[in-house]
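Bear in mind that the values in this text are calculations on the coordinates, not laboratory data. Because the structure is predicted, anything quoted here is derived from the model rather than measured. Virtual Cβ from ideal backbone geometry, glycine too; neighbours counted across all protein chains shown.
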Amino acid sequence: MSVDFYISESLHIEGLEKILKDYDLRLVSNQPSNGSFVGFDERGFYFIEDASNLLNILHVDFLSGPMGWRLKRSDHETLLKKTLGKSKDVLTIFDATAGLLSDSIIFLSLGHSVVACEQSKILHLLVQDACKRAETELPFLKNLTLINGDSLDVYDKYTDIDVVYLDPLYPEIKKNILRSGNINSIRGLLDLEGIEDRADKLFDEFKKLDYKKIILKRPVKADQLDKNINYQVKGKSTRFDIYL
């Protein structure tokens with residue numbers, strides 16, 4: 001299913017035809033007034049879930065906003081550091097649910113290498129664009145391999161992975177709880193692309209494979225997906241279940 005793509009006539013994107021083909025985008029001459037669409041402006045690529053509410057925009061930026069703030073204090077990311085362990089070795093981390101790359105960008109800033117896999121074409125486009133805009137400011141991005149595809153298929157091509165990282169969308173506990181704008185947009189985006197939320201299945205499949213360590217990010221009060229857990233690292237609202 002193609003998704004509408006809008007760009008102002010005053011702007012230019014190098015390789016536009018290839019982008020339209022690779023990401024199943026349909027170029028439109030006017031900004032849509034309803035439904036979902038991908039857009040491009042001076043900030044880069046963005047996604048709008050509902051054109052009647054242009055304030056709810058999904059845009060990835062590693063240099064400012066919440067992500068920029070986290071990167072400036074990445075040395076304080078104690079929970080993520082604990083999940084990786086005390087070893088000072090450079091790790092190769094396989095992020096099987098890349099999403100907005102919010103935790104893997106911290107892994108990179110700590111000196112590790114990351115292979116990040118995202119099934120959504122649109123999310124992949126947004127994150128790839130954010131990386132291009134930030135590559136001169138964040139030289140550690142050279143240690144990132146960003147792939148659009150099924151993570152189980154991609155994982156088979158690698159033999160030197162130290163950590164499998166799984167950060168699935170948190171389960172919705174109550175329908176009337178307002179979700180954060182980004183999470184809401186991502187769920188709408190996955191629905192638009194016909195991508196199934198298969199967090200539990202993905203974890204079960206990775207558990208069957210040859211691995212050294214799996215880190216599963218969960219809400220702190222959520223049930224364990226597997227009782228054969230080795231240890232946990234807990235924060236106020238999030239915990240990390242570690243399987244060796």
query = Under the Karplus relation 6.51 cos²θ - 1.76 cosθ + 1.60, θ = phi - 60°, what is the ordered set of whole-Hz ³J(HN,Hα) values for the stretch 45-54, x standing for Gly and Pro?
reply = 6, 8, 10, 10, 6, 9, 4, 7, 10, 6
remark   = Least to most buried among Ser64, Ser104, by other C-beta atoms within 10 Å and fewest first, runs Ser64, Ser104
task = Take every DSSP beta bridge whose two residues both sit in the stretch 3-58, then give the antiparallel share in percent to the nearest 5.
result = 50
inquiry  = In the stretch 34-65, whose amide N lies under 19 Å from the spot 7 Å out along Cα-to-Cβ of Leu16? List them in ranges.
reply    = 37-48
request  = Return the subset of Lys88/Lys142; Lys157/Lys227; Lys88/Lys217; Lys201/Lys227 for which the Cα-Cα distance in this structure is over 18 Å, preserving the input order.
outcome  = Lys88/Lys142; Lys157/Lys227; Lys88/Lys217
ask   = If the viscosity is 0.692 mPa s and the temperature 37 °C, what translational diffusion coefficient in µm²/s does Stokes-Einstein give for the chain when Rh comes from Kirkwood over Cα pairs?
value = 172
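Full extension from Ile195 to Leu209: what is 0.36 nm times the residue separation minus their Cα-Cα distance, to one decimal in nm?
2.8 nm
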